[in-house]
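Written out below as structure tokens is the structure these notes cover.
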Amino acid sequence: MGFRSSTPPAGGGNPGSPAGGGGPRTPFAPRPRPFPSRGGDRFNREDKDGVRLNERIRVPEVRLIDEKGEQVGIVPTSQALAMARDRGLDLMEVAAGAKPPVCKILDYGKYKYEEKKKEHTARKNQVVVKVKEIQLRPNTDEHDLDYKVKNAIGFCEEGDKVKFIIQFRGREVAHTAPGYEMCRDIIERMKEVAIVETPAKLDGKKMMMIVAPNPQAKKK
């Protein structure tokens, strides 16, 4: 029975080692980074929001506003870029459609931060209007209708809209007059706190009407 030799063939050895290898493994060369590092020249960075900045502004001249908001006038773009660079700031195009385009010297990072703060404040202060639904039948009794209208008044006083849905069944859809009469009654009961946004309209076997808070109503 033969024995397999453990001696590596000539020219073998570890990958990356010199021919005839018996020496240590040679480390692989690092691959080049596909993108520049974050610590690169901020003046040459590219904007992600479609706004032209710095070297991306390629028109021959611009109408310049400096970092204090003062009008500098029409200057060569190269001069405007040099002014921004000397001050450690950015040149941003603020009115591309103007002739020549209007550009401003500013700190773009600070500008973006302030814009995000404004958006956050606007979202925080935004009033969200909800649409509440109230289901009715053309033969809903007076007591039940009174209860549901009181709920609708409360919703409008809180700033919400109300969608009334009157459901017809079977042959009832051939006689919609009671539904329209009910909607007129509801409008009359709610006239001090609500206005009609979408008048009563038949859709299949449903009659729908939307009322919204009356902006002239006194707040409680």
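Cross-chain or 8 or more residues apart, Cα under 20 Å: how many lysine pairs in the stretch 49-122 fit that? Count them up, please.
Within the stretch 49-122, the lysine pair count is 7.
At 7 Å along Cα-to-Cβ for each site, give me the label-to-label distance between residue 94 and residue 216 in nm.
Between residue 94 and residue 216, the label points sit 4.2 nm apart.
Listing 205, 68 from the residue with the fewest other Cβ atoms within 10 Å to the one with the most, what is the order? Could the numbers behind the result be given before it?
Values: 205 13, 68 7.
Least to most surrounded, the residues fall as 68, 205.
What is the mean projected area of the alpha carbon convex hull for the stretch 49-122, to one decimal in square nanometres?
5.2 nm²
Find how much the distance from residue 206 to residue 87 grows on full extension, using 0.36 nm per residue of separation minus their present alpha carbon separation; answer in nm with one decimal.
36.1 nm
Excluding residue 189 itself, what net charge comes from residues whose Cβ is under 11 Å from its Cβ, given Lys and Arg +1 and Asp and Glu -1?
Working: positive: 148, 150, 184, 191; negative: 146, 185, 188, 192.
Result for the local shell: 0.
So for the stretch 96-220, what percent of the C-alpha to C-alpha distances run longer than 26 Å?
So the pairs more than 26 Å apart make up 43 percent of the total in the stretch 96-220.
Compare the peptides 174-181, 90-97, 116-123 by average per-residue count of other Cβ atoms within 10 angstrom and give them in order, highest first.
90-97, 174-181, 116-123
Where a number appears in this text, it was derived from the coordinates with a stated rule and is not lab data. Everything numeric here is computed off the predicted structure, so don't read it as measured data. Every residue, glycine among them, receives a Cβ derived from its backbone with ideal geometry; neighbour counts consider all protein chains shown.
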